[in-house]
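A.B. asks: Quick one: structure below, then a few questions.
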Amino acid sequence: MSMKRDVVLTVGVAGTMGLLLILGVMSAGIFETSAQQTRLPPIATEGFASARPRTPYPGWPTRDNSKFNTLTAIKSSAIPTEPRKISGPIAGNPEIGAKLVADRTRGGSCIACHVMGPAAGADLPGNVGPDLSEIGNAGRDDEWLFNYVNDARVYNPETVMPPWGTHGIFNEAEIGHIVAFLKTLKTPARFKTALDDPDRRPNPVETRDNLDSLINPAVWVVEEKAPALWMTPGATGASCASCHANPTQAFRTWAAEMPKWEPRLDKVFGVEEFVTRHAKATTGNDWLMQSDENTAISTYLRFIANGTEMKADIASAPAKAAYERGQALSMRKLGALNFSCADCHAPDRAANKWIRGQRLGELRGQLDHFPTWRTSQQSIWDIRKRLQWCQVAIWADDLPPDASAYGELELYLAAQNAGQKLSVPGIRH
Amino acid sequence: MAEKARIKLPKDAKRGEIIQIKTLVAHLMESGQRRDKDGKLIPRMIINKFACTFNGKPVFSCGLESAVAANPYLQFSAKVEESGTFKFSWIDDDGNTITAEETISVV
């Protein structure tokens, strides 16, 4: 064995890449017969895999979330255990209440999840929560109604209902107006069409052929841009093709096993972060997460594994621990609206129900089509960007795309999608 | 996105057959009605004309207006009597032209 090494070192090799290739081939030969050693692909371990400082995406709202839970910190105020005692009847203006329950600047608001009789003209209300069109006849007193809106956790610690009062989204006077409006609701809602009634609304089904280049602009990226990037040398003079001349063969199933625990950085790597750090270490390219180049290559790596059943490792010890952390994070209540991933996407909670006109999907079926073309954004979104937007939409704090917490969530999500066949790029609204 | 056009039409057809031609071109199709973050109108820049010929003779052409969405998809049919070449051209507000061509063999 040592003689073989001497031969390698004394041979004059042109270029670092050539030497690496030879060493790679040699060590594969040396080590294969001994312990089951897997050579880890080189990665750049310093620095961040996404742009710093972070600039907000154009058009994305920024909010102060310093007082509420995030995926990285517990900050929300303690959950009250006792309802507030309301001695006398609540004074409130039901006309103001009718406007507040439909106010989209207040996280929804109420009709995002509830049918409420004539509120907002019964225009596409949701059904995450019960139909409140006849709550005025339900025999609930003012104290109960007030506390349910103020902080429903005093009655149901497992509730999905945001703590509108405790988290300061509505003040006491406004909750009074809402209660006054609720007390006027005594007849079932009248919908203009079946589409407006969340219980009769047909489920949306994606029927477009996501792999037809005349339908999905993202297919152009995997057919043209990504193969061209693959061949383009970076700062070291090497391109992806220098080591991987035949990616469609070599990586036929690779992406289906992602995301993966990366021991050198103690975190879960998705395809996108792996591409950033591996490209940097080998070609010298700076393909940060969510850059056009990274998105193209990441989409391409999954595209060439299309049809393969997803199977991320959650059995090995560090992966299992990361999976369990991801599962716990998916159940953490976040942000001003106090929603966890599970609140909307677990089958025993709000999955398969409607938030206004949007149907909430189960976790299974959510990952096999990422990265996806989004027609409403005219761009390709990877799963990290989708997680970021979820957080912004629920008034929580979005993290950088390479956050460890997102890796753990992605691993948890991948496990729920085990067996689903990759079909990338997807196409969605 | 590349400034390439994508064309889908059959490689061959029978004489007198009516074939479907599908075309797609990458173009932002900026309508001229959007505003940037400072409130200024983003100037219009759209493809405003499309033309298709077969062996030099016109087959189908149209003018496009600013309501047409990004990456315009145009589909039309043509009756083919002989083998030859379809030529496609898209012209934008600045006079830039994107062209493509496809041949068909007719038996």
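The values are calculated or read from the model by the stated rules, or taken from the named source; none is laboratory data. All values reported here derive from a predicted model rather than from experimental measurement. Note that each Cβ is placed from the backbone with ideal geometry, even for glycine, and that neighbours are counted across all protein chains shown.
A.B. asks: Quick one: how many residues across the range A:220-242 are crowded, with 18+ Cβ neighbours inside 10 Å, of a type outside the set (G, A, S), within 14 Å of another protein chain (Cβ to nearest Cβ) and touching a Ser or Thr at 6+ places or on another chain (Cβ under 8 Å)?
C.D. replies: Residues flagged as crowded, with 18+ Cβ neighbours inside 10 Å, of a type outside the set (G, A, S), within 14 Å of another protein chain (Cβ to nearest Cβ) and touching a Ser or Thr at 6+ places or on another chain (Cβ under 8 Å) within the range A:220-242 amount to 3.
A.B. asks: Return the pairs, sorted by first residue and then second, in which the second residue is of a type in the set (F, W, Y) and crowded, with 20+ Cβ neighbours inside 10 Å, the first residue lies in the range A:169-183 and is more than 16 Å from A:I135 (Cβ to Cβ), the beta carbons are less than 7 Å apart, and the residues are 6+ apart or on different chains.
C.D. replies: Here the result reads A:F170/A:W164, each pair linking the range A:169-183 to a residue that is of a type in the set (F, W, Y) and crowded, with 20+ Cβ neighbours inside 10 Å.
A.B. asks: Would you list the strands (runs of 3 or more DSSP E) that sit entirely within the range B:7-107 and hold 2 or more residues that are within 14 Å of chain A (Cβ to nearest Cβ)?
C.D. replies: Ranges flagged: B:18-25, B:73-79, B:97-106.
A.B. asks: Any residue that is modelled with pLDDT of 85 or more and farther than 22 Å from A:A396 by Cα - is there at least one of those in the range A:22-29?
C.D. replies: Scanning the range A:22-29 turns up no residue that is modelled with pLDDT of 85 or more and farther than 22 Å from A:A396 by Cα.
A.B. asks: Hey, another quick one. In the range A:97-113, is there at least one residue being at positive phi, assigned to a loop (DSSP other than H, G, I, E, B) and not hydroxyl-bearing (S, T, Y)?
C.D. replies: yes
A.B. asks: Continuing with this model, one more query. Using the structure shown, decide if A:G407 is of a type outside the set (A, V, I, L, M, F, W, C) and assigned to a helix (DSSP H, G or I).
C.D. replies: Considered against the rule, which asks whether it is of a type outside the set (A, V, I, L, M, F, W, C) and assigned to a helix (DSSP H, G or I), A:G407 comes out as yes.
A.B. asks: Does A:A78 qualify as being farther than 18 Å from A:P188 by Cα, buried (at least 17 other Cβ atoms within 10 Å of the Cβ) and either touching a Cys at 6+ places or on another chain (Cβ under 6 Å) or without any contact (Cβ under 8 Å) to a residue 40 or more places away in the chain (or both)?
C.D. replies: No, not satisfied.
A.B. asks: Another one. What are the pairs, 6+ residues apart or on separate chains, where a residue within the range A:319-342 that is among the charged types (D, E, K, R) has its Cβ under 7 Å from a residue that is surrounded by 21 or more Cβ atoms within 10 Å (Cβ to Cβ) and in a helix (DSSP H, G or I)?
C.D. replies: Sorted first by the residue in the range A:319-342, then by its partner, the pairs are A:R325/A:E408.
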